[in-house]
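The values are calculated or read from the model by the stated rules, or taken from the named source; none is laboratory data. A quick note: this is a predicted structure, and the numbers were derived from the prediction, not measured. Note that each Cβ is placed from the backbone with ideal geometry, even for glycine, and that neighbours are counted across all protein chains shown. Just the protein is used for accessible areas: all its heavy atoms, side chains included, with ligands, DNA and RNA removed. Shrake-Rupley method; radii C 1.70, N 1.55, O 1.52, S 1.80 Å.
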Amino acid sequence: MNSSRNNFKILSVLTFVYIILFEFILPINKFLPKPTILFESFLHVWQDYSLLSGMLITTGTIYFAIGFSLILLWIFRVFIIKLFLSFQALEVLQLFKSIPVFLLILMTAFWFDGLELAKIIFAILITFISLSRVLAKELSRIKPEYIAVGMNLNPQKIYSEVYWQASLPSLLELAIRFQRILWLIILTYEFVATSFGMGTIMRLALQYKDLGAIIVIGIIQALLIWLGTVTIRFVKKKIAFWES
Amino acid sequence: MKFENINKTFTYENGLNVKLLDDISFEVKEGEVTSLLASTGSGKSTLLKILSGLELEDAGNRNETKACIIPSQPSSFPWMNVTENILFANDKLDDQTQKKLVHLVGLEGYENHYPNNKSLGFRFRIAIARALAVNPKIILLDEPFAAMDQKTKLEMLQLIVDLNKETKTTILLATSNLSEALLVSQTILFMKKGSTGNLPSEKVEYSSTNISDRMNSSSYSEYLTSSEKLAKSFATHQSFTISL
């Protein structure tokens, strides 16, 4: 609570300094627009750049990819856990870490010519692999004593009721951290390859040298990421309230 | 229950072979609490894992007994409440048995509570109830009190004595604390790093089943004096403790 109060205080001071500095002392400069221009941009971006549809496309892609990947993992949890326990899954999945994401973005964009569906599938794949890596890591951490009581039970019950549940808090914790990375990935994808979404809008704003719009869209993105974090935290608190 | 000629050799990554258990034999009397007193690193956890089937011995007869192990960090599932934890081990338990188990471990009124963020004592009670639910021939306790405070430790020792009295369940407690062993068990087995052959043992008997009474009795002081000498000859490390 104290930290959010401090953050609020810092943000208020910075806003105040920005208003005084750029509205009254340095109204004409190359770094930041006047607060009044920024306020006007807030009203105009929705129409000038069709921000609402762009926002829905980008946000939808990101959170659909996270949700869908988690659901996929949950549906096939028994099969995936069994598979991961049968070989060194973590080592194989770690290989993906060394592939540059920017290269993957460009290659996907090249192969599918900026197709929206390709972007969604790309987002799901990259999220699914990251979540799988965490699942494999968690599975390697579970001690046999933890399931000692279930030794005579059906393995499927142990996979779905012990291994999966024990990994769930870490999976959701990753979802919170990963959504910020996914935002960056999808914005980059849209920036370089597609004609829809917030990344595309930012590219247009950059082409028009509309600094006000760029900053406004950035602020809206920060708010959306914050909202996403709060939502996933809420879900985690409800369905995975225990420590991993 | 006789366990004979148990051997276990560990091979390290550098190829070094270390014989941890060398032809160890011992007997645990059915319906009694037996303590396996040994200092840290002498192989008592490995021995318990072998007895429970979690680890394979190189050679010997572990008697294929239906054993249930409770590790030093009691392994109750934090996503299941008390009842669900018990039923996980045996979902065929009828209501009456289930209630009896909850009563035995002193968790009446806590059936719907989750072990998450609860004390070690609470989790130990669940682990005991869950172990009893599978109706094992022997319950193996691997230093379960090491991380508990004095008050909780005494409560748990009392719980074991009461359980043994009521259910006649055979319990083997591995500990490095002489007082724990003296207060709770009818027989103490002494083991050290490199022990071989039959483990030496000592009988303990009290007139009272109350742990506090036992602690204040003259028998306890006598046992402590006589066992201390024997125990110390078996202590290879500083980690061996006498008082609670």
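Some notes on this structure:
- Pairwise FRET efficiency - A:PHE42 versus A:LEU21, Cβ, R0 = 25 Å, nearest 0.05: 0.85
- Cα-based convex hull, region A:54-150, per residue volume (Å³, whole number): 119 Å³
- All Cα-Cα separations within chain B were binned at 5 Å from zero, giving a P(r) of 1, 6, 14, 18, 19, 16, 12, 8, 4, 1, 0, each value a whole percent of the pairs.
- Accessible solvent surface per residue of region B:1-129, calculated while the other protein chains remain in place, 1.4 angstrom probe, Å²: 46 Å²
- Computed E for B:ASN117/B:THR209 - FRET, C-beta separation, R0 30 angstrom, nearest 0.05: 0.40
- In chain A, helices alone account for a calculated mean residue ellipticity at 222 nm of -25000 deg cm²/dmol, with every DSSP H run of four or more residues adding -39,500 (n - 2.57).
- Note on surface exposure: A:PHE68, A:PHE110, A:PHE76, A:PHE8 rank A:PHE110, A:PHE8, A:PHE76, A:PHE68 by accessible area, highest first, 1.4 Å probe.
- Accessible-area ranking of B:THR209, B:THR11, largest first, probe 1.4 Å: B:THR11, B:THR209
- Segment A:GLN156-A:ASN29, extension gain: residue separation times 0.36 nm, minus the distance between their alpha carbons: 39.2 nm
- q = 0.14, 0.25 Å⁻¹: log10 I(q)/I(0) that the Debye formula gives for region A:161-202, counting C-alpha atoms only: -0.47, -0.75
- Report summary: the helix-based calculation at 222 nm, which adds -39500 (n - 2.57) for every DSSP H run with n ≥ 4 and divides by the residues of chain B, gives -11000 deg cm²/dmol.
- Within region B:183-208, backbone nitrogen closer than 17 Å to the virtual label 7 Å beyond the Cα of B:SER218 toward Cβ: B:205-208
- Distribution of pairwise C-alpha distances over chain A, 5 Å bins, in %: 1, 6, 11, 14, 14, 13, 12, 10, 8, 5, 3, 2, 1, 0, 0, 0
- Mean-square fluctuations from a GNM of chain B, with a 10 angstrom spring cutoff on Cα atoms, peak among B:PRO136, B:PRO200, B:PRO144 at B:PRO200.
- Of all the options A:TRP164, A:TRP111, A:TRP46, the one that moves most in a Gaussian network model of chain A with Cα springs shorter than 10 angstrom is A:TRP111.
- Taking every residue in B:75-83 and counting other chain Cβ atoms within 10 Å of its Cβ, the average works out to 5.
- Shape box of the protein assembly as shown [Cα atoms, principal axes, largest first, Å]: 92, 49, 48
- Per DSSP, loop trypsin sites (Lys or Arg not before Pro) in region A:186-244 with at most 16 further Cβ within 10 Å: A:LYS209
- Spatially close Lys pairs in chain A, defined by Cα atoms under 16 Å apart and a spacing of eight or more places or different chains, total 6.
- Top of B:ALA147, B:ALA129, B:ALA38 by mean-square fluctuation, Gaussian network on chain B, Cα under 10 Å: B:ALA147
- Annotation: amide H-H contacts under 5 Å for B:LEU141 (H modelled 1.01 Å from N, sequence separation of 5 or more, or interchain): B:ILE70, B:LEU172, B:LEU173, B:ALA174.
- Within 10 Å of each Cβ in A:156-169, the average number of Cβ atoms from other chains: 2
- Taking the Kirkwood radius as Rh and the Cα radius of gyration as Rg, region A:1-96 has a ratio of Rg/Rh equal to 1.26.
- Simple label model, 7 Å out from Cα along Cβ direction - A:PHE68 to A:LEU117, nm: 1.1 nm
- Rg [Å, one decimal], Dmax [Å, integer] - region B:74-136, C-alpha atoms: 10.1, 29
- Expressed per residue, the C-alpha convex hull volume of region B:42-148 stands at 103 Å³.
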